[in-house]
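The values are calculated or read from the model by the stated rules, or taken from the named source; none is laboratory data. Remember, it's a predicted structure, so these values are computed and weren't measured experimentally. No Cβ is skipped: glycine too gets one built from the backbone with ideal geometry, and neighbour counts run over all protein chains shown. Each accessible area value is taken on the protein alone, full model and side chains, heavy atoms only, with ligands, DNA and RNA left out. Shrake-Rupley method; radii C 1.70, N 1.55, O 1.52, S 1.80 Å.
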Amino acid sequence: MKHIKKEFLLNCTPAKAWQLVVDRSKYEIWAAAFQTGSTYTGEMKLNETISFVDEIGNGLVSKVVVFEPEKEIKFAFLGEVTDGKYVEVPEFAEMLEHYLFKPMGDQTKMLVDVVMDDEYYDMMNDLWDKAGTELIRLSN
């Protein structure tokens, strides 16, 4: 497993930066960098199950393990959904997606740390750069 670590300086308050992640309509805009039609199902709350899926419902299932509004959110991955069927994937136990929001004057530094399988690291690292560009654009 490798860590993808990114920092994005967003032109907004932590409250607005937080909404870019937890508001489904805003999330869908920047998450399209990973795949057109990306969305999530479930409710962004502590201990809730969230599925990050494509437009036909296939994707990864996670649990919200840290939820501090406007400060921090962390997802631990559990498994995947394919063709409407959920399968727990024990190898995903080490996969995490973690966001920190740090106020910087009138801006917010968004720190992203994603623990990723080595096989997908290069591709996802590049896609995170594209998603970051979109996050910065949305923060204006």
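Before moving on, here are some points about what is shown:
- Surrounding net charge for residue 128, when Lys and Arg each add one and Asp and Glu each subtract one, Cβ distance under 14 Å: -3
- Relative contact order %, the chain, counting alpha carbon pairs below 8 Å whose residues are six or more apart: 33 percent
- Pairs exceeding 19 Å between alpha-carbon atoms, taken from 5/74; 102/130; 6/71; 63/109; 63/85; 45/74: 102/130; 63/109.
- Helix-only CD estimate at 222 nm, as mean residue ellipticity for the chain, using -39500 (n - 2.57) per DSSP H run (n ≥ 4): -8000 deg cm²/dmol
- Surface composition of region 29-140: carbon plus sulfur atoms hold 51% of the accessible area, using a 1.4 angstrom probe and ignoring ligands, DNA and RNA.
- Environment charge of residue 38, counting only residues whose C-beta is closer than 15 Å and scoring Lys/Arg +1, Asp/Glu -1: -4
- Partners for residue 26 among aspartates and glutamates (Cα-Cα distance below 12 Å; same-chain residues under 8 apart left out): 134
- Overall Cα dimensions of region 2-139, principal axis frame, Å, largest first: 45, 30, 26
- Net charge, residue 117 excluded, C-beta distance under 10 Å - Lys, Arg +1, Asp, Glu -1: -3
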